[in-house]
1. Looking at the calculated P(r) for the chain, what percent of the C-alpha pair distances fall above 27 Å?
2. Give me the 1.4 Å probe accessible area per residue for segment 5-75, excluding ligands and nucleic acids, in Å².
3. Sort 34-41, 20-27, 53-60 by packing, meaning the average of other beta carbons within 10 Å per residue, with the highest value first.
4. Across segment 29-35, in residue order, what do the Karplus-derived ³J(HN,Hα) couplings come to in whole Hz, using 6.51 cos²θ - 1.76 cosθ + 1.60 with θ = phi - 60° and x for Gly and Pro?
5. Mind listing the long-range amide H neighbours of residue 82? Cut-off is under 5 Å, sequence gap 5 or more, other chains count too, H placed in the peptide plane at 1.01 Å from N.
6. Hey, what do the phi angles of segment 109-121 turn into as Karplus ³J(HN,Hα) couplings, whole Hz, using 6.51/-1.76/1.60 and θ = phi - 60°, x for Gly and Pro?
7. Tally Lys/Arg at +1 and Asp/Glu at -1 over every other residue whose Cβ is under 12 Å from the Cβ of residue 78; what's the total?
8. What do you get for trypsin sites (Lys or Arg not before Pro) in segment 52-110 restricted to DSSP loop and a cutoff of at most 11 other Cβ within 10 Å of the site's Cβ?
Amino acid sequence: MDRVPCYAANVRRAALALTSLYDAALTPHGLKVTQYSLLHAVKRHGRTNLTALGDATGLDRSTLGRNLRVLEGMGLVALEPGEDQRDRVAALTEEGRARLRAAAPGWAAAQRAVERVLGANAEQLTELARRLAALPGDSEAA
């Protein structure tokens, strides 16, 4: 593998590898890691509106709505009207809760695989990823 000095290229390559690892672990449960993560966010936040869920996940409303409609079609999430006509509320269905429980061992196996590769640096990866996610999108350096 080429040693490219670009931070973005290296992080993107790592993200693709991680996504592939987690997707493979979750495939037997009919989920991708993005769907698993979104289901967990809905579970964590309970019956919540899409604005709060978007803030919690870092997804824009359009992307969030599209992803939630897929999960709704799978019977894993229920989307209901919110306090006004523009607002929607998401909640896990019983099938969504069951799918999360069934997929958890696969997700945990992927976590352990990453920990085996990174060793003591695994927690540092999470911290660095959080710091990178907090970068402004319209950086003056760009």
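1. Working: 3083 of 10011 pairs.
In whole percent, the share of Cα-Cα pairs in the chain beyond 27 Å is 31.
2. Values: 4290 Å² over 71 residues.
Here the per-residue accessible area is 60 Å².
3. Working: 34-41: 19.6, 20-27: 17.5, 53-60: 15.9.
Per-residue Cβ counts within 10 Å, averaged per peptide and sorted highest first, yield 34-41, 20-27, 53-60.
4. 9, x, 10, 9, 4, 5, 5
5. Answer set, sorted by chain and number: 87, 88, 89.
6. Working through the residues one at a time gives 5, 5, 4, 5, 4, 5, 4, 5, 6, 8, x, 5, 8 Hz.
7. On the way: positive: 47, 69, 88, 97; negative: 72, 80, 94, 95.
Neighbour charge sum, excluding residue 78 itself: 0.
8. Values: sites: 61, 66, 69, 86, 88, 97, 99, 101; in loops: 86.
For trypsin sites (Lys or Arg not before Pro) across segment 52-110 that sit outside H, G, I, E and B with at most 11 neighbouring Cβ atoms in 10 Å, the list reads 86.
The values are calculated or read from the model by the stated rules, or taken from the named source; none is laboratory data. Please read these numbers as outputs of a predicted model, since none were measured by experiment. In this analysis, Cβ positions are derived from the backbone assuming ideal geometry, glycine residues included, and neighbour counts consider all displayed protein chains. Remember, those area values only see protein heavy atoms, side chains included, never the ligands or the DNA or RNA. Shrake-Rupley method; radii C 1.70, N 1.55, O 1.52, S 1.80 Å.
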